[in-house]
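As structure tokens, the structure follows; a few thoughts come after it.
The values are calculated or read from the model by the stated rules, or taken from the named source; none is laboratory data. Keep in mind it's a predicted model, so treat the numbers as computed, not measured. FYI the Cβ positions are ideal-geometry reconstructions off the backbone, even for glycines, and counts take in every protein chain you see.
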Amino acid sequence: MLKKIAIIANGGDVAGFNAVIRGIVKTAENSGIEAYGIIDGYNGLLKNEYVRLSTAEDGNAEGILPKGGSIIGSSTNANVFNYKITNDNGEVEYKDVSDICIKNIKEDGFDCIFTLGGDGTQKSARDFATKGVKVIGVPKTIDNDVACTEITFGYNTAVSVAMEAIDRLHTTGETHHRIMVLEVMGRYAGWIALESAIAGGADVALIPEIPYDIESVARKIKNRQSRGKNFSIVVVSEGAKPKDGEMVIQGTRDNGAGVDNTKLGGIGQVVAKQLEEITGLEARNTTLGYMQRGGTPTAFDRVLSTKYGVKAMQLALEGKFGRLTVMKNGKLDDVSLEDVVGNNTEIGAVSGNTEKSNIRKVPMDHDLVKTARSIGINLGD
């Protein structure tokens, strides 16, 4: 019988974190179960830092539905199965400190751990499940790239912010006869770029799944110009790359060997400069950046996050652990964390854009791709 559960919010912040937390806590309270929040993601699990969560009138989980971010913090640099440690002599080494986390879980009396996060977070959740921890995952990321689910919470808000940015760029582009480039997040998946381009009426969408030919993009813009349309909107995913070229990398973080340290960014400026040279039109780039993560969640994300939180707690009440809550064919469901990681089964292995990673990219037969092509959006090929 469950008595105490703990929630971990991990990875980059998204709108909807708090709505999931609220959904779990409310469902737990209705079943007489105490809920706790681990402070600052997996780092807090290692340090054994947590706080009681309550939706009572003066509770810390009351009134958090519209709040962005996470009331219990998060971490983007903590793979406790391959943790970066600096020794007294200054040397850096990597250790599996997961047993310390497991010891904390047992001593604190937590009967189940809920992991709210993306690919890397759920990889660690699977590793904990392998070592006997009762864990249930909830798919979070604005990139929408978690395997086995149709949608992650936080994604819809990010798309909505990008769409609004496109709407605003339209007026400037039309007024000054410019090419307006918008660089959006997404890492190795083009979901945000593709859906926001459709929603915002963009002319071009460059995504990681389709290496682009800049001449093809230029022809699209020149064709518009020949029809009296002297401006164009180009949406570029941060992971987009040219044919026979590589992604633009802003730098490499030093967050440890067990996480994806590649820092993408800068492709929008590259595309803008190339298009200006080829077409003769002025081109300006806007990099949306963290605006996509912050702020209040959309109605869609508030509802989705609540549904995910309730579903996760229901799985715990049913004794179904080692699972991830997902959306399949528009309905709530759950899958094994083993299915989520796919072939990436090595304990402590790096998540992200590796050969074994099971991240969800845009398939070429997806309705979004078909829709974009049908309405004349150039995808760079």
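Residues in segment 342-381 that are among the hydrophobic types (A, V, I, L, M, F, W, C), surrounded by 13 or more Cβ atoms within 10 Å (Cβ to Cβ) and either in the same structural domain as residue 210 (by TED's automatic domain parsing) or over 21 Å from residue 98 (Cα atoms) (or both): 359, 362, 368, 369, 372, 377, 379.
Could we say that residue 194 is outside any strand (DSSP E or B) and surrounded by 24 or more Cβ atoms within 10 Å (Cβ to Cβ) here? Considered against the rule, which asks whether it is outside any strand (DSSP E or B) and surrounded by 24 or more Cβ atoms within 10 Å (Cβ to Cβ), residue 194 comes out as yes.
The single residue among 194, 206 that is hydrophobic (A, V, I, L, M, F, W, C) and within 21 Å of residue 14 (Cβ to Cβ) turns out to be 194. Out of 214, 210, 179, report the one residue that is surrounded by fewer than 24 Cβ atoms within 10 Å (Cβ to Cβ) and more than 23 Å from the chain's Cα centre (by Cα). Going through 214, 210, 179 in turn, the sole match is 214.
The residues on offer are 282, 276, 238, and the sole one that is among the acidic types (Asp, Glu) and crowded, with 22+ Cβ neighbours inside 10 Å is 238.
Per this entry, residue 40 is counted among residues that are acidic (Asp, Glu), in the same structural domain as residue 131 (by TED's automatic domain parsing), closer than 30 Å to residue 349 by Cα and surrounded by 16 or more Cβ atoms within 10 Å (Cβ to Cβ). The sole residue among 188, 155 that is of a type in the set (Phe, Trp, Tyr), touching a Pro at 6+ places or on another chain (Cβ under 6 Å) and touching a residue at least 12 places away in the same chain (Cβ under 8 Å) is 188. Candidates 138, 51: the one that is of a type in the set (A, V, I, L, M), over 26 Å from residue 291 (Cβ atoms) and not in a helix (DSSP H, G or I) is 51. Scanning segment 298-333 for residues that are part of a helix (DSSP H, G or I) and either out of contact with any Ser or Thr (no Cβ under 9 Å at 6 or more places or on another chain) or of a type in the set (A, V, I, L, M) (or both) yields 299, 303, 304, 305, 306, 310, 312, 313, 315, 316, 317. Residue 183 meets each of the listed conditions (1) of a type outside the set (A, V, I, L, M, F, W, C); (2) in contact with a Pro (Cβ under 7 Å, 6 or more places away or on another chain); (3) in a strand (DSSP E or B) apart from (2). Across segment 103-115, the number of residues qualifying as in a strand (DSSP E or B) and of a type outside the set (Ser, Thr, Tyr) comes to 3.
Take residue 93 and tell me if it is of a type in the set (D, E, K, R) and outside any loop (DSSP other than H, G, I, E, B). Against the criterion (of a type in the set (D, E, K, R) and outside any loop (DSSP other than H, G, I, E, B)), residue 93 qualifies. The strands (runs of 3 or more DSSP E) found entirely in segment 199-258 that carry 2 or more residues being touching a Gly at 6+ places or on another chain (Cβ under 7 Å) and within 13 Å of residue 270 (Cα to Cα) are 232-237. When residue 283 is tested against (1) free of Cβ contacts under 8 Å to residues at least 40 places away in the same chain; (2) touching a strand residue (DSSP E or B) at 6+ places or on another chain (Cβ under 7 Å); (3) of a type in the set (A, V, I, L, M), just one condition goes unmet, and that condition is (1).
Residues in segment 97-143 that are among the acidic types (Asp, Glu) and surrounded by fewer than 16 Cβ atoms within 10 Å (Cβ to Cβ) were compared, and the one that is nearest to residue 345 (Cα to Cα) is 99. Listed conditions (1) free of Cβ contacts under 8 Å to residues at least 40 places away in the same chain; (2) part of a helix (DSSP H, G or I); (3) out of contact with any Phe, Trp or Tyr (no Cβ under 9 Å at 6 or more places or on another chain) are all met by residue 100, apart from (1).
Check whether at least one residue in segment 116-130 is more than 30 Å from residue 292 (Cβ to Cβ), in a loop (DSSP other than H, G, I, E, B) and at pLDDT 95 or above, and report yes or no. No: segment 116-130 contains no residue that is more than 30 Å from residue 292 (Cβ to Cβ), in a loop (DSSP other than H, G, I, E, B) and at pLDDT 95 or above. Restricting 59, 90, 11, 23 to residues that are at pLDDT below 95 and touching a Ser or Thr at 6+ places or on another chain (Cβ under 6 Å) narrows the list to 11.
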